[in-house]
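Beneath this line is the structure, given in structure tokens, with notes to follow.
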Amino acid sequence: MCGIVGFVGNQPAAPILLHGLSKLEYRGYDSAGLVVRDGEELAEVVKATGRLKNLCELTNNGESLPGNCGIGHTRWATHGVPSVTNAHPHVSGNCTGSGSGPVESDVVGVHNGIIENYQELREKLSKHGYRFYSQTDTEVVIKLVDYYYKKYQIGPIDAIAKTMVRVRGSYALELMFKDRPGEIWVARKESPMIVGIANGETYVASDVPAMLKYTKNVYYIGNMEFAMLKAGEAHFYDLNGDEIKKELVEITWDTEAAEKGGYEHFMMKEIHEQPKAIQDTIHSVVSDGRIDFSGIGLTEEIMKGISSILITGCGSAWHVGMASHYVLEGIARIPVRVELASELRYRHPVLDSNGLVIVISQSGETADSLAALRLAKEQGCKTLAIVNVVGSSIAREADNVFYTVAGPEISVATTKAYSTQLVCCYLLAVQFGLVRGTIDEDVYKYYISEIETIPAKIEKIFENNERIQWFASKYANAHHDIFFIGRGIDYAICLEGSLKLKEISYVHSEAYAAGELKHGTISLIEDGTLVIGVLTQPDLYEKTVSNMVEVKSRGAYLMGLTCAGNYELEDSCSFVIYVPKIENWFAGSLAVIPLQLLGYYVSVAKGLDVDKPRNLAKSVTVE
């Protein structure tokens, strides 16, 4: 959530900053702002609420702000309502207005994250003559840097180090000092931040797409580190103020991967990229029909010594865990439990020190998931991260990393990250099964061959797009709640289908284990209520059909989602979507595709912003 950009070089900074912010819109925001330095002077702070286009209009697409050094920000409100006053950048001076206009302060900055002790710091600074114009925690931290900078007559290195020690919470911080022309100072705790260098110019951003146009060579700033950036230079420091060396990392994504490529929305592009993303992820560890986890660091000896598995994540990553729960236990016969990362860290869990904790996160920066990872390590557990971003915090801190090869995912609603994470878990289940002796060589080869058919079978599902679009347009303006029901793996897929519908179409929907309907929820069924049943598991098929007939008798309108061949479902349902047959354990990878498309087409039919749904952010880096 929120986006940070910065640039210092030989070109006008403002157009580059605006371009970078436009590539971070997917992260979610409600206002935007920037400040550019022209030579010795800090120029104007310019802010706008709403979409980035409003800031572009205010600055004539950046042309009205001269200077080649600047920082920018898109804000997702945490402390204080969305407003020009609360938008970033913030300044250290005692402004009485909105915080916009000419910079007459010594420090100006932007910030991602949350400062947990900002009230305490605000009271301290108030006693030293600081006045506050906004409701934000960011203004507090900018003024705290100013306080240390002036009180102790020290340079930025010591002032920033003192601030980092004093502040509790998470942050990616960008600062410019009035008396330090040509420099941008940055600091990081938990929230992501990367630095890129090319052609004697330096870029900084909270995510890769902001700088892909300009450079693929980046530095990852470590946790509790900070840096001074000049044109073509980046100097990194630890909390002691000692300079530390870093290696440049080359980003393998190309600029086209972060563009829409002719699709109306990133979400539809990414839905259609799933076959390739899944295939690339499979081939990263499968060769000649065998799984090789040596690059991940999971040897057979290590896998044999694992007594249980705990999977944790948030949102769709948790849904991956729910589906994988059935597959891992079913194939490998190893005890598995799945926990929401946001709950795990607060309930003082007793973890199995001989167990494996799998942390799933698209960004590798999810705050609750990162905290859960650290909790697992504290209790002596072996940890495995399934993430999409090389060098992310979770990837760096986990014992082992299984990278999904999904490429950049821009739409807030995840599709290809979810699908590649699920395939990673399939491959883990199959390998655990072989190592633990719960499956033999023939079954092992069969499972791998079935997994390798997933990409082509998803392509086949896309042939039904028009039917799904027709159904979605019919129900786009339905006022009834929508219920998803299924059993086993189908229930786990319902969770993800329901979330997709909620987050991008704003239609209230809930997913229920079908057998739980009669324990209260069935009272909500009335004439016209849409109930979507997922039925891919043969041993649970008849039971779920019975549950669907129960709600139909109470007035529900039924949609069914099942495997090819189950054509008798049309006797019970008004609308049925079929997916190709596949080994039962892996049917979730196919069943989720029509549900992704359903959510997308409902959102489009309602005229909503598919890629940037209200109130949501792509990467949740705060608690």
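Listed values, structure above:
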{"read-out": "Some residue of the stretch 547-569 being of a type in the set (S, T, N, Q), assigned to a helix (DSSP H, G or I) and without any contact (Cβ under 8 Å) to a residue 40 or more places away in the chain", "value": "no"}
{"read-out": "Selection count where residues are buried (at least 18 other Cβ atoms within 10 Å of the Cβ) and under 33 Å from the mean Cα position of the chain (by Cα), scope the stretch 517-539", "value": "10"}
{"read-out": "Top-ranked residue in the stretch 146-171 [being open to solvent by less than 40 Å² (accessible area, probe 1.4 Å) and touching a Gly at 6+ places or on another chain (Cβ under 7 Å); ranked as farthest from P181 (Cα to Cα)]", "value": "G169"}
{"read-out": "Odd one out for G6, checked against (1) open to solvent by 10 Å² or more (accessible area, probe 1.4 Å); (2) closer than 21 Å to T163 by Cβ; (3) at pLDDT 85 or above", "value": "(1)"}
{"read-out": "Strands (runs of 3 or more DSSP E) contained entirely in the stretch 22-82, each with at least 1 residues that are more than 16 Å from I4 (Cβ to Cβ) and in contact (Cβ under 8 Å) with a residue 24 or more places away in the chain", "value": "31-38, 41-49"}
{"read-out": "Single residue of the stretch 416-462 satisfying the filter (touching a residue at least 40 places away in the same chain (Cβ under 8 Å) and of a type in the set (G, A, S)) that is farthest from V357 (Cα to Cα)", "value": "A456"}
{"read-out": "L428 vs. criteria open to solvent by 30 Å² or more (accessible area, probe 1.4 Å), touching a Phe, Trp or Tyr at 6+ places or on another chain (Cβ under 8 Å), closer than 19 Å to I296 by Cα and at pLDDT 95 or above", "value": "no"}
{"read-out": "When residues of the stretch 556-577 are limited to those that are in contact with a helix residue (DSSP H, G or I) (Cβ under 7 Å, 6 or more places away or on another chain) and hydroxyl-bearing (S, T, Y), the one least open to solvent (accessible area, probe 1.4 Å)", "value": "T562"}
{"read-out": "Residue identified as touching a helix residue (DSSP H, G or I) at 6+ places or on another chain (Cβ under 9 Å), over 19 Å from S473 (Cβ atoms), surrounded by fewer than 20 Cβ atoms within 10 Å (Cβ to Cβ) and small (G, A, S) among S546, S553", "value": "S546"}
{"read-out": "Residues that are within 14 Å of M176 (Cβ to Cβ) and open to solvent by 10 Å² or more (accessible area, probe 1.4 Å), drawn from the stretch 25-38", "value": "D38"}
{"read-out": "Tally, over the stretch 444-461, of residues that are surrounded by fewer than 15 Cβ atoms within 10 Å (Cβ to Cβ) and either closer than 18 Å to S324 by Cβ or among the hydrophobic types (A, V, I, L, M, F, W, C) (or both)", "value": "1"}
{"read-out": "Condition met for T85 (of a type in the set (V, I, T) and under 23 Å from G182 (Cα atoms))", "value": "no"}
{"read-out": "Hits in the stretch 475-502 (condition: open to solvent by 40 Å² or more (accessible area, probe 1.4 Å) and in contact with a helix residue (DSSP H, G or I) (Cβ under 9 Å, 6 or more places away or on another chain))", "value": "N477, D481, R487, Y491, L499, K502"}
{"read-out": "Matching residues in the stretch 290-314 - criterion: being of a type outside the set (A, V, I, L, M, F, W, C) and open to solvent by 20 Å² or more (accessible area, probe 1.4 Å)", "value": "R290, D292, S294, G295, G297, T299, E300, E301, K304, G305, S307, S308"}
{"read-out": "Some residue of the stretch 11-24 being at pLDDT below 90 and open to solvent by 10 Å² or more (accessible area, probe 1.4 Å)", "value": "yes"}
{"read-out": "Residue match in the stretch 599-606 (condition: more than 27 Å from P455 (Cα to Cα), surrounded by fewer than 20 Cβ atoms within 10 Å (Cβ to Cβ) and of a type outside the set (S, T, N, Q))", "value": "yes"}
{"read-out": "Given (1) within 27 Å of A198 (Cβ to Cβ); (2) crowded, with 23+ Cβ neighbours inside 10 Å, number of the condition V45 does not satisfy", "value": "(1)"}
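The values are calculated or read from the model by the stated rules, or taken from the named source; none is laboratory data. Computed from a prediction, not measured in an experiment: that's the story for all the values here. Every residue, glycine among them, receives a Cβ derived from its backbone with ideal geometry; neighbour counts consider all protein chains shown. Calculation scope for accessible area: heavy atoms of the full protein, side chains included, ligands and nucleic acids excluded. Shrake-Rupley method; radii C 1.70, N 1.55, O 1.52, S 1.80 Å.
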